[in-house]
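Note sheet for the following structure.
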Amino acid sequence: MAKHVLRLTAVAYILFLLVLPVGLIIWRTFGDGLGPFVEALTSPSAVHAFKVTITVAAWAVVANTVFGVGAALLLVRHEFPGKRLLGAFIDLPMAVSPVVVGLALILVYGRFSPVGGLLESWGVQVIFSTPGMVLATVFVALPLVVRAIVPVLEELGDEQEQAAHTLGANRLQTFARITLPGIRWALGYGVVLCLARSLGEYGAVAVVSGRLVDQTQTLTLFVEERFQNFDQPAAFAAATALALIAVVTLLLTKLLRPKDLSDGN
Amino acid sequence: MAIEVRDVNKSFGATPVLRDVSVDVESGSLTALLGPSGGGKSTLLRVIAGLERPDTGTVRISGVDATRLSPQRRNVGFVFQHYAAFKHLSVFRNVAFGLEIRKRPKDEIRKRVMELLELVHLEKLADRYPSQLSGGQRQRMALARALAVEPEVLLLDEPFGALDAQVRKELRAWLRRLHDEVHVTTVFVTHDQEEAIEVADTIVVLANGEVVQAGSPGEVYDNPANPFVMRFLGPVTEIGGSLVRPHDIEISSGPVEGGSPAVVSRVVRLGFEVRVEVKIGTEEAWVQVTREQADRLALEPGDTVHLRPSPGARSLVLSAV
């Protein structure tokens, strides 16, 4: 009996929080057939928002992958003063609200700050432009790659790397031939998570982008702006597109996860 | 000399692990670094391989000062206790690794790897992955991988420590035969004195980070430098203030010259040998005798017997505490 109650509660919870809202969006999107959906997504503003989103997410993923692998190696393989502090800092974006991140970036890189002013004099505009949005996205997605790799690196140990050294491999060869293949599934998992987070980021990007339509508008900002302007078909179409991307990335992580575990033993 | 270690000191934090260690390893020899765990033997092996850097002292390999050389430039083969198999590579690619790094031609690599796999009896498993091998097979693969680069010296860190007793015995005998075939200077670490005596032609005993004694297995067993070595190399018992091997004691029912009386407390029959536990006054000791001897003396608990070291027995006088 208790089992049934528990099951019913769980199903109802998922239904009202997840299935119903997402289902409604999809139903509203395709309510008038595929035509309006395609039309809404191929409007110049929507296409531009797509491009901005992909540009920002791509840079953020590249930056976080390189930093993530480096930081994970540093945290697992090396002893240095301040190591625990670094570990704590990497988790900070999990705790800090994205809006705060956005405001903080404006404080540092805004036109009227020393750093922002200096960059501006060199012709680099950070805030209300792509670099700022990339920075904001990098920040909020920072821990994902690191945290995906660290446990696998720990599990892997450094004996294989030492063995490679004694067989004549230098650091780069050891990394490319031994370490990287050892963490490849975890890295893939982290990258996909990071991509999903970057595509869906709203708060920090909303603050630093200035929400300039057809300039710094990402897909999430596009959804919000269309909705506010009573253009519900476009808002729903873009939201559905985002949801579909999320489902695909979710499936990708499911594909990567079990392999990683079987790889670890 | 293939390896000359001179006055090496190494500490981890405030804990000294090696103190003024000097060891010579002859070319073509098979040397065991023997000692209790925590004695510094693995650290010494890792210092020779370049995986640890000594605080002071030097390491020369084939006459070249290797103290500051990175492991990749030392041309040593290293075999780890837990195999350190490259899990994502097949057995063939594992063994080929060092040759691929050295950019040898493909056919040469193929030929050499297959030769080595035959040597370690894994030629039929070349396409398997390490997870599909048993522990003994993985360790043989690791050995082939280390030998592939034709190292100046082969270093094995407790190579059979993670294997079960039966496989360990087989691999021991096999390592000895392999060494007689390949003749590469080999140093292995073990805490098992039987393994060291059976396999090695030189034993270096390490305890508390210091070399206590070095010599052939016979020398170390028969002329131990101190009570610690004597105890570590084999069974010992104490009679009359001396440390004696239990098989070096004469036991008789009547009084003998230089003998001390003892009371039998227990007789344990272990197959062909019999372990006689006795009390000399309040001190406990034991004697190893053959079955035939035990039957002849008809030993029973409570009997009084007389013990003395047999002529020519090695014994060490324990200093009074």
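Since every read-out is calculated from the coordinates, none of them should be taken as a lab result. The structure presented is a predicted model; accordingly, all values stated were derived computationally and were not measured. Using ideal geometry, Cβ is built from the backbone for each residue, glycine included, and neighbour counts are taken over all protein chains shown.
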| said: Just to be sure I understand the curve: with the Debye formula and one point per C-alpha of segment B:211-321, what is log10 I(q)/I(0) at q = 0.14, 0.20, 0.23 Å⁻¹? | reply: -0.57, -1.05, -1.28
| said: Starting from 0.36 nm per residue, how many nanometres of slack lie between A:Ala104 and A:Thr42 once their C-alpha separation is accounted for? | reply: 18.9 nm
| request: Tell me the Kirkwood hydrodynamic radius of chain B in angstroms, computed as one over the mean inverse distance between distinct C-alpha pairs. | output: 22.1 Å
| query | Taking amide hydrogens as modeled 1.01 Å from N in the peptide plane, which residues meet the under 5 Å criterion relative to B:Thr185, leaving out close sequence neighbours? | reply | B:Gly28, B:Leu154
| note | Expressed as a whole-number percentage, the relative contact order of segment B:76-208 with C-alpha contacts under 8 angstrom and at least six residues apart is 32 percent
| What's the FRET efficiency of B:Asp303 with B:Asn208 using the Cβ-Cβ distance as r and R₀ = 45 Å, to the nearest 0.05? | 0.60
| Say we join alpha carbon atoms closer than 10 Å with springs in a Gaussian network model of chain B; which of B:Arg102, B:Arg68, B:Arg231 then has the biggest fluctuation? | B:Arg102
| said: Just want the answer: with Cβ charges of +1 for Lys and Arg and -1 for Asp and Glu, which residue in A:Gly33, A:Gly123, B:Gly39 is farthest toward the dipole's positive end in the protein assembly as shown? | reply: A:Gly33
| Max mean-square fluctuation residue, GNM over chain B, Cα-Cα springs under 10 Å, options B:Val267, B:Val149, B:Val212 | B:Val267
| field | Relative contact order (%) - criterion: Cα under 8 Å, at least six apart; region: chain B | value | 18 percent
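Using only alpha carbons, build the gyration tensor for segment B:1-53 and give me the equivalent ellipsoid semi-axes, biggest first, whole Å.
The equivalent ellipsoid of segment B:1-53 has semi-axes of 20, 12, 10 Å.
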| In segment A:175-207, which residues have a backbone nitrogen under 18 Å from the label point lying 7 Å from A:Leu244's Cα in the Cα-to-Cβ direction? | A:196, A:199-200
| field | Backbone HN-Hα couplings from phi across segment A:122-127 [Karplus 6.51/-1.76/1.60, Hz, Gly and Pro as x] | value | 8, x, 9, 9, 9, 6
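How would B:Met141, A:Met94 line up from fewest to most surrounding beta-carbon atoms within 10 angstrom?
In order of increasing Cβ crowding within 10 Å: A:Met94, B:Met141.
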| remark: Short to long, in 10 Å steps from zero, the percent of alpha-carbon pairs of segment A:145-265 per bin is 12, 30, 22, 18, 13, 5, 1
| Pairing the Cα long axis of helix A:219-228 with the longest principal axis of chain A, what angle in degrees results, from 0 to 90 and rounded to the nearest 10? | 20 degrees
| B:Leu133 long-range amide H proximity, modeled H, under 5 Å | none
| task | Report, as a whole number in µm² per second, the diffusion coefficient that Stokes-Einstein gives for segment A:35-264 at 4 °C and 1.567 mPa s using the Kirkwood radius over alpha carbon pairs. | result | 67 µm²/s
| note | Counting sequence-distant residues (5 or more places) and residues on other chains, those with an amide H built under 5 Å from that of B:Glu210 are B:Arg19
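Over the Cα atoms of segment A:21-112, Rg to Rh with Kirkwood Rh, two decimal places?
Computed over Cα atoms, the ratio is 1.16.
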| field | Phi to ³J(HN,Hα) by Karplus 6.51 cos²θ - 1.76 cosθ + 1.60 over segment B:106-114, Hz, x for Gly, Pro | value | 4, 5, 5, 4, 4, 5, 5, 5, 5
| request: Against the globular-protein guess of 2.2 N^0.38 Å, express the Cα radius of gyration of the protein assembly as shown as a ratio, rounded to two decimals. | output: 1.42
| remark: Helix A:98-109: inclination vs chain A longest Cα principal axis, degrees, rounded to 10, gives 70 degrees
| said: Can you tally the net charge around B:Val95? Count Lys and Arg as +1, Asp and Glu as -1, for every other residue whose Cβ sits under 9 Å from the Cβ of B:Val95. | reply: +3
| message | Defining a contact as two alpha carbons under 8 Å apart and six or more residues distant in sequence, what relative contact order in percent does chain A show? | response | 29 percent
| query | In the neighborhood of B:Ala2, defined by Cβ-to-Cβ distances under 11 Å, what is the net charge if each Lys or Arg adds +1 and each Asp or Glu adds -1? | reply | -3
| query | In degrees, nearest 10, range 0 to 90: what is the angle between the Cα axis of helix B:165-182 and the longest Cα principal axis of chain B? | reply | 60 degrees
| How large is ³J(HN,Hα), in whole Hz, for each residue of segment B:122-136 in order, when computed from phi with the Karplus curve 6.51 cos²θ - 1.76 cosθ + 1.60 and θ = phi - 60°, using x for Gly and Pro? | 10, 4, 7, 10, 4, 8, 6, 9, x, 5, 9, 10, 7, x, x
| request: Within 10 Å of each Cβ in peptide A:169-182, how many partner chain Cβ atoms are there on average? Round it to a whole number, please. | output: 3
| said: Report the Cα centroid-to-centroid distance between segment B:282-310 and segment A:1-59 in angstrom, as an integer. | reply: 88 Å
| query | Which of A:Leu118, A:Leu135, A:Leu172 moves most in a GNM of chain A, Cα contacts under 10 Å? | reply | A:Leu172
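Let me confirm one metric for peptide B:78-87, namely the mean number of other chain beta-carbon atoms within 10 Å of its residues' beta-carbons.
5
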